[in-house]
Amino acid sequence: MDISVLQKVRYGYTPKIPSILEGEIADILVEFGQPTEAIADRDALKEIFKRSYGKPVAVFGRGRNEAIGRELKVGVILSGGQAPGGHNVIAGLFDGLKKGNPSSKLYGFLGGPGGLVDNKAVELTAGKIEPYRNTGGFDIIGSGRTKIETPQQFAASLQTAKKLMLDALVIIGGDDSNTNAALLAEYFLERGASIQVIGCPKTIDGDLKNEHIETSFGFDTACKTFSELIGNIQRDANSAKKYWHFIRLMGRAASHIALECALQTRPNMCVISEEVEEKEISLTQLVEDICNSVVKRADNRENFGVILIPEGLVEFIPEMKKLISELNDVMAAKEDEFSKITSFAGQLRWLSRKISPVSYKLLETLPPQIAGQLLLDRDPHGNVMVSRIDTEKLLMGMVESRLARLKEEGIYKGKFSPLGHFFGYEGRCAFPTNFDADYCYSLGYSAFVLIASGLTGYIASVKNLAAPASEWIAGGVPLTMMMNMEQRHGSKKPVIKKALVDLEGGPFKAFDAARDTWAVKTMFHYPGAIQYFGPAEVCDQPTKTLKLELEQ
C-alpha cells in the first residue's frame, strides 16, 4: 500500500499516557468513591437500571491487582459518526489487553452496533492494528448508527457475546451510543450474564462532557482542522478585501465547535445557538445584528468579513423552533398522507391547513430552497434533518435583502458580496492531534483496566487534561450518573444529557468580552495547520475551551 510520509511517521508515534498507566500493569488498582446519583429523574432511572444504578466513581491508584492479568476476550464497537482518534482507543485497549495477558483477544464488530446484533466480527491482531495507529477515520472496522432498542436486538446481542465467549464489550460513541452501553450492561446483568460493558466518550460536537468527562475525543482535532480553514479564508478575505464569508460549522445540538473556532480565529461574528434561545433572538434581529457589523465595517472601507454559524442554529431561533416543532408533529402523524404530495406548492397548500397561521406565514416567507429543505426526509427520530438546511444561505439572502433596503435609505454605502461554506466532514476523519492521539490511547487503556477489574456500566474517564499527559487522572464514571429522562418517540426514555454551551462559563465569557471589537475591527487570527512535531506549547496544547473551563 502506498502511503504518505506523514502517515508512515505517525505509525511510529508513541502516545503519552497518565503516569498511573505506566510501569507494571498489575500495580494499577481501582479505588472507589461514594455511591452516585443521576443528574435528574432519579426514581425513574433507578427503576430502569435496578442492577447498575448508583455505582461509585472509580479512580486508578497504586496497589496490587492480580485480576488484571487474567485472560480476556473483549469485543469493541465504533458507533455513530466518525471522530479523530477512534483507532487509538482501539490500540490502547489492545495494548492493555496484551500487556495484561498475551493470550487475551480483541474482536472488532463490523459496521457498528449492527455488527453485534448480526454477529459480524473479526479478530483484531497486532498486524491488523499497526497500520491504523495515530490515524484518523473509523475504517479499521467501520461504524454505524444502528440503535439496539428492540427485545430481539438485545437478545441477539447477548447471543453473539455468548457465542464469542466475550468477557466484555467496549462501545466507543457519543451520548446515544453510551446510553445504549448502559442499557446493554443492565440487560446482561438482568439475564445473569457476566459480560461487562464499558463506554468511551466520542463526538466532535463536544457535547458529551461533565465534571468527570472533560471533553469528548475528536473535538480537539476537528476544531483545529476547521480553525485552519477559517484562518485561511480570513487571510484571503483580508487580502482580496471584497467577500463576506458565512461559514456553517458541524454541531447540531450545541455550539461548542463554533465557539472554540471563534476563540481560535477571531471572526467578525459568531452566532451561539444557546444565546439565541436564551435571549429569544428572532431571525429578524439576528439579520439586523449581522447587518450592523457589515455597515460599520463598510464605513471603515472594509467590505469583507467572516461569520461563523452553528449547524443547528435554526432549531434555536424561537419562531423557527416553533415551525420545526409543528412540522415534526404533523408530518409524524400524517406521514403517509404527506408523502403522496409530490409538488412543493401542493405541500405548502396541505400544510396551510395543518400548522398555525404564524408558522405557515414564516414558512411562506422563507426562500423556497430553505423551505424545501425543511420538508425533506426525517432523521431516525422523525425530526427535521438540520444538517441538510443551508442556514448560511438563509442568512446570506436575508442580509442581502436588508442591506439593499438600507442602501436605499442612504444608511449603507458599501458593497456586499457573500460566499457560503459548510465545514463538517473535513474534520471528522483528520489525522488526530497529539492531544487526541494521547487522550484516545489513554481512554482505550483505561477501558481495559476497568474491564480487568470487573466493572460494568462505566464510561472510561481521563481528567486534568489541561496538564501534561503524565499528570492526567484516569478512571471511570458510572453511566447512570450522567443520565436524565427525555421525550423520544412519544415516550420518556433514559438518555445521557447533552452538554450545551454554558453562557456563564469561561469560554463564552472570553468570547463575549471581545466580540464587539471583532465585529468592527479586523483582528483575525490564523492558527495554521495542526503541528505534530516540536515543543509541547506548539504540539500538545488542548483547546482554548478546555483550558478556560478548567481555569474556572
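The values are calculated or read from the model by the stated rules, or taken from the named source; none is laboratory data. Model, not experiment: these values are computed from the prediction. All Cβ positions, glycine included, derive from the backbone under ideal geometry; neighbour counts span all protein chains shown. Just so you know, the surface numbers come from the protein's heavy atoms only, side chains and all, with ligands and any DNA or RNA stripped out. Shrake-Rupley method; radii C 1.70, N 1.55, O 1.52, S 1.80 Å.
Determine if the stretch 301-317 includes at least one residue that is closer than 24 Å to G81 by Cβ, among the small types (G, A, S) and crowded, with 23+ Cβ neighbours inside 10 Å.
The answer is no; no qualifying residue exists.
Find the residue count for the stretch 247-279, including only residues that are open to solvent by less than 10 Å² (accessible area, probe 1.4 Å) and modelled with pLDDT under 95.
1
Quick one: which residue in G420, G457, G410, G424 is without any contact (Cβ under 8 Å) to a residue 24 or more places away in the chain and either touching a helix residue (DSSP H, G or I) at 6+ places or on another chain (Cβ under 8 Å) or of a type in the set (G, A, S) (or both)? So that I can check it myself, show each step before the final result.
Numbers: G420 fails: without any contact (Cβ under 8 Å) to a residue 24 or more places away in the chain; G457 fails: without any contact (Cβ under 8 Å) to a residue 24 or more places away in the chain; G424 fails: without any contact (Cβ under 8 Å) to a residue 24 or more places away in the chain.
Going through G420, G457, G410, G424 in turn, just one is without any contact (Cβ under 8 Å) to a residue 24 or more places away in the chain and either touching a helix residue (DSSP H, G or I) at 6+ places or on another chain (Cβ under 8 Å) or of a type in the set (G, A, S) (or both): G410.
For the structure I just gave you, tell me whether I129 is open to solvent by less than 10 Å² (accessible area, probe 1.4 Å) and either touching a Pro at 6+ places or on another chain (Cβ under 6 Å) or free of Cβ contacts under 8 Å to residues at least 12 places away in the same chain (or both).
When the stated conditions are applied, I129 does not pass them.
Are there any pairs with C-beta distances below 8 angstrom linking a residue in the stretch 7-32 that is of a type outside the set (V, I, T) to a residue that is open to solvent by 50 Å² or more (accessible area, probe 1.4 Å) and part of a loop (DSSP other than H, G, I, E, B), with the two at least 6 apart or on different chains, and if so which?
As it stands, the answer is Q7/F431; R10/F431; K16/P468; A26/R64; D27/R64; L29/R64, since those pairs meet every condition given.
Hey, any hits in the stretch 141-154 for a residue that's within 19 Å of K73 (Cβ to Cβ), more than 26 Å from the chain's Cα centre (by Cα), loosely packed, with under 14 Cβ neighbours inside 10 Å and of a type outside the set (V, I, T)?
No, the stretch 141-154 contains no residue that is within 19 Å of K73 (Cβ to Cβ), more than 26 Å from the chain's Cα centre (by Cα), loosely packed, with under 14 Cβ neighbours inside 10 Å and of a type outside the set (V, I, T).
Return yes or no: is F138 within 27 Å of the chain's Cα centre (by Cα), touching a residue at least 24 places away in the same chain (Cβ under 8 Å) and assigned to a loop (DSSP other than H, G, I, E, B)?
yes
State yes or no: is A371 at pLDDT 85 or above and open to solvent by less than 30 Å² (accessible area, probe 1.4 Å)? Steps first, answer last, please.
Details: at pLDDT 85 or above: yes; open to solvent by less than 30 Å² (accessible area, probe 1.4 Å): yes.
Yes, satisfied.
Given the stretch 420-498, what strands (runs of 3 or more DSSP E) lie entirely inside it while holding 3 or more residues that are at pLDDT 95 or above and under 23 Å from R133 (Cβ atoms)?
Numbers: elements: 458-463, 473-478, 483-488, 491-496.
The qualifying strands (runs of 3 or more DSSP E) are 458-463.
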